[in-house]
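Here's the structure we're looking at; comments come further down.
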Amino acid sequence: MRQQNPAISKGIDWSLVWIYLILVAIGLTAIFAATYKEGDPVIQSFIGFKTDYSKQFFFFLLAFSIGFFILLTDSKFFAATANLMYAAGILMLLLVFPFHSPIKGTESIIKIGAFNFQPAELCKIFVALALSKYLSRPETDFTKTRSQLIAAGIALLPAGLTILQSETGLALVYLAFFLVMYREGLPSAILIIGFSAAALIVATLLVEKITLALILSGLALLVIYFTRRYWKRKTAFLANIILVWLLCVGVQFFVVPQVFSKVLKLYQVERIYATVGKDVPTEYVKAHEREQTKNSEKKKDIDYNVRQSKIAIGSGGFLGKGLLNATQTRYDFVPEQRTDFIFCTVGEGFGFTGSIILLGLYMLLLFRIITIAERQRSIFSRTYAYGVASVLFFHMFINIAMTIGLAPVIGIPLPFISYGGTSLLTFTIMLFILVRLDADRQMVLR
């Protein structure tokens, strides 16, 4: 191929392309294993566009064709049009509000004929490009607070619009872009504060209020005691310790209850508490009295999904039951086993060995992308590569964690594996833009 078409193949990192093809093949196999009906002719059902695996196969052909044309595109095109594409993405998100079709509780999908289009998925590409464009500008000084706020706004604006479309899980993916900002100079204190806030929220769910307040107070007193020599010279340090303690207690007693009572919906609260293995407190149930009758079966369904997912993965054993011999996923014991819970299809059919191979492929993909990122001369290309790695990592980690009960069920797909045309198209375009940029890695883009 290189000899026949050197202009296309020159500089292409084929390892990324091969890993992509292998992952898509695994995804098609998993979707086939979960949805194939006994007696259906395999070849005809694959080309008939009536089964899920047939549709996914045609989505792949479309996505790969677009990826091929991306490889023919000048790398400068992506830097030159990044802001325009971001504006187009925001416009698509805004068009969702008047033209959406409510499907499974979400209002983020536009139905176009027989196809469901989700702009919030595709917009991740535009955010990655726009953020790379902004951070690569010569006049951008990312040590300044103003620049940091603008970069955060680029990521959080589509996230906010996605939340308004009842797609909280997908909105959380945009937080992955803060890892990109951290690589480009975002102070580590911001990430520490973010992770600490998350840990405090989890502690609030697990520990009784008064007990947690006493623990926080004890920790504050210990810090004050062991740093007494320092804050006696700088009284502002003592004031900061007291301020942090007040903020933590305030989050525990006021912020978390307000969010769980008035911001989150009842089913979201139930999913979070189901993950930590606790019942929803009475105060939150009462706060959602209007939703309670409507969603009375939600918690049972959520517990059922995760429990069946664990059974499916565990029943696969070391080598799995075989492609079409699985019972939990083949007979619909696990809801959404072709989309959100596709990992348990792999776990049951191919066992621990198959799961480890899949995880190994993801790790290899992420390692390769990071290696590619660090060899770029252009800040634009490097930042974009880290954006792709961050989004893929977030999707992979959260999706697998929720199938084994380590994260709330927030409904995000497993990259290249889960059924869904928009998802496959989005991840394919993201990856092939990176392949194109890397092919011209000696070029400095802005």
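A few comments on the model shown:
- From most to least packed by mean Cβ count within 10 Å, the peptides 79-91, 16-28 give 16-28, 79-91.
- Among the trypsin sites (Lys or Arg not before Pro) within the stretch 141-189, those in coil by DSSP and having at most 10 neighbouring Cβ atoms inside 10 Å are Lys144.
- The gain in end-to-end length when the Leu359 to Leu172 segment is fully stretched comes to 65.1 nm, 0.36 nm per residue minus the alpha carbon separation.
- Rounded to the nearest 500, the 222 nm mean residue ellipticity of the chain from helices alone is -21500 deg cm²/dmol, with -39,500 (n - 2.57) taken per DSSP H run of at least 4 residues.
- Relative packing of 346-359, 118-131, which averages over residues the other C-beta atoms within 10 Å, highest first: 118-131, 346-359
- Largest GNM mean-square fluctuation across Asp13, Asp340, Asp279, computed for the chain with C-alpha springs under 10 Å, falls on Asp279.
- Computed FRET value (nearest 0.05) for Phe352 with Ala199, which takes r as the C-beta separation and R₀ as 35 Å: 0.70
- Paramagnetic label zone (point 7 Å from Cα along Cα-to-C-beta, Thr227; backbone N under 16 Å) in the stretch 241-280: 241-249
- Most fluctuating residue given options Phe341, Phe58, Phe69, as computed from a GNM of the chain linking Cα atoms under 10 Å: Phe69
- For the stretch 66-155, the spread of Cα coordinates along the three principal axes comes to 45, 36, 17 Å, biggest extent given first.
- Pairs from the table (Lys37/Lys111; Lys124/Lys262; Lys76/Lys133) lying more than 18 angstrom apart at Cα are Lys37/Lys111; Lys124/Lys262.
- For Lys209 and Ala88, a Förster radius of 45 Å and the Cβ-Cβ distance give a FRET efficiency of 0.45, rounded to the nearest 0.05.
- Considering only the Cα atoms of the stretch 358-446, their convex hull presents on average a projected area of 6.1 nm².
Taken together, the values in this text are just the output of simple stated rules run on the coordinates, not laboratory data. In this text, all values refer to a predicted model and were calculated from it rather than measured experimentally. Every residue, glycine as well, gets a Cβ built from its backbone with ideal geometry; the counts of neighbours run over all protein chains shown.
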